[in-house]
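The values are calculated or read from the model by the stated rules, or taken from the named source; none is laboratory data. Given the structure is predicted, the values throughout are model-derived calculations rather than measurements. Here the Cβ positions follow ideal geometry from the backbone for every residue, glycine too, while neighbour counts run over all protein chains shown.
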């Protein structure tokens, strides 16, 4: 008698390597992962060419990503099934059809997850093969490029489940894959070098139409800011303030050659939906100063701004950030930050033509709008995956429709369109990413072709807003705001 291979063994044979994920909760999901791997295999992807070679480990990383995404969707249900009346053995043998019968919404989410994973993985494999030559030159590697590992998603899921990935090569080099245009970073880095007057080192970028590659840089393991780092941080604070930047929190600020370097600059030419903001409110929205970005998911709230000194603490088996006072940093933080802010702001006044040209280029692109903090979306998605909602599609939908309360009795039109796009995005498990085209004046949710023209109430152009921030009076109010925000 020949033993029938398990689904785990089938997956291992398909990918030529042993799966390292061995959590019991993954067992009911293996049949779903198997179906996803069959779909990916049918796509006839360039795994091995003269330009690029995928290792067994790298291909295994892709299927483990699918298993982890399926588990993230199913975790609450699997926990409930395994804990209730000690039914862990029943869960071990429970087929996907039984789970779908009890939790019909879960079946739809599995289908969405697999479809998105196949599409995202296919894009990555094909784009890497197409750009193997330029990437080899960029990283000084020989062809064929030998992929050794592919990271788990390093960002929130946007635009039908796409996310940032880190690609490791056999030569020890790494590259970051970004499934979005990198034009705004290119413009910002070029403008900063013009205003600063020196050739600062920024991450090398290989720009493509709908995606791009960026040389991988690690954030500092410990935050002990030097005067040079704090001055450069103040300079970026000034330029980001002038350009209406936001969402530059700790994870989006790297250190390159001892200087601060912002990345993921999607949120430029931004504005607030509410009343006009003060200088302090605009500065806080950038994400650099303490108190500007507070994650409110879970029992603990923590500050994720760049200047909030973040220590690492282990709690319940996972690492979390613990807020600490900025005063634990070396003395002179405020002095050096304000010095850098003033220095760049003063020089920027003489580079107004360069700034206008940069803004004019930005206005021809789609920029991201921060309508609501990301933690609001994450919290709603997390709540929607509770077992009670996965048993009833009606309750699941109501969980997202709570967002409509935030726009009642406000100016309709744009707000209602944005809210509808937010809900549509979360129905496919994406963290909403609202895009705005300044020159064409329309809104769009990433991954959607539907647009909504902006009318009335939002007629102030980005150029006017930028020029207003270059005024000397604005500079003085900003310096005072920074000093008060960094004060004891």
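Going by the structure shown, is residue 348 touching a helix residue (DSSP H, G or I) at 6+ places or on another chain (Cβ under 8 Å), over 25 Å from residue 425 (Cβ atoms) and buried (at least 22 other Cβ atoms within 10 Å of the Cβ)? So residue 348 passes the test. Residue 81 satisfies every condition listed in (1) buried (at least 17 other Cβ atoms within 10 Å of the Cβ); (2) more than 23 Å from residue 388 (Cβ to Cβ); (3) modelled with pLDDT under 75 except (2). Close contacts from the range 359-382, counting a first residue that is within 19 Å of residue 469 (Cβ to Cβ) and a second that is surrounded by fewer than 17 Cβ atoms within 10 Å (Cβ to Cβ), with Cβ to Cβ under 7 Å and a gap of 6+ residues or different chains, come to 359/463; 363/439. The lone criterion from (1) touching a helix residue (DSSP H, G or I) at 6+ places or on another chain (Cβ under 7 Å); (2) at pLDDT 75 or above left unmet by residue 404 is number (2).
Results for (1) assigned by TED's automatic domain parsing to the domain that holds residue 243; (2) outside any helix (DSSP H, G or I); (3) free of Cβ contacts under 8 Å to residues at least 24 places away in the same chain; (4) surrounded by 15 or more Cβ atoms within 10 Å (Cβ to Cβ), shown as yes or no for each residue.
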position	(1), (2), (3), (4)
101	no, no, yes, no
106	no, no, no, yes
110	no, no, no, yes
121	no, no, no, yes
148	no, yes, no, yes
160	no, yes, no, yes
171	no, yes, no, no
175	no, yes, no, yes
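This table checks each residue for (1) assigned to a helix (DSSP H, G or I); (2) crowded, with 16+ Cβ neighbours inside 10 Å; (3) assigned by TED's automatic domain parsing to the domain that holds residue 122; (4) modelled with pLDDT of 90 or more.
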residue: 13; (1), (2), (3), (4): yes, no, yes, no
residue: 33; (1), (2), (3), (4): yes, yes, yes, no
residue: 40; (1), (2), (3), (4): yes, yes, yes, yes
residue: 65; (1), (2), (3), (4): yes, yes, yes, yes
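If we scan the range 421-440, do we find a residue that is more than 30 Å from residue 157 (Cβ to Cβ), surrounded by 15 or more Cβ atoms within 10 Å (Cβ to Cβ) and at pLDDT 65 or above? So far as the range 421-440 goes, no, none of its residues is more than 30 Å from residue 157 (Cβ to Cβ), surrounded by 15 or more Cβ atoms within 10 Å (Cβ to Cβ) and at pLDDT 65 or above.
When you scan the range 308-318, do you find a residue that is at pLDDT below 60, part of a loop (DSSP other than H, G, I, E, B) and in contact with a strand residue (DSSP E or B) (Cβ under 9 Å, 6 or more places away or on another chain), even just one? Yes - at least one qualifying residue is present in the range 308-318. For the range 250-302, residues that are at pLDDT below 75 and touching a helix residue (DSSP H, G or I) at 6+ places or on another chain (Cβ under 6 Å) total 4.
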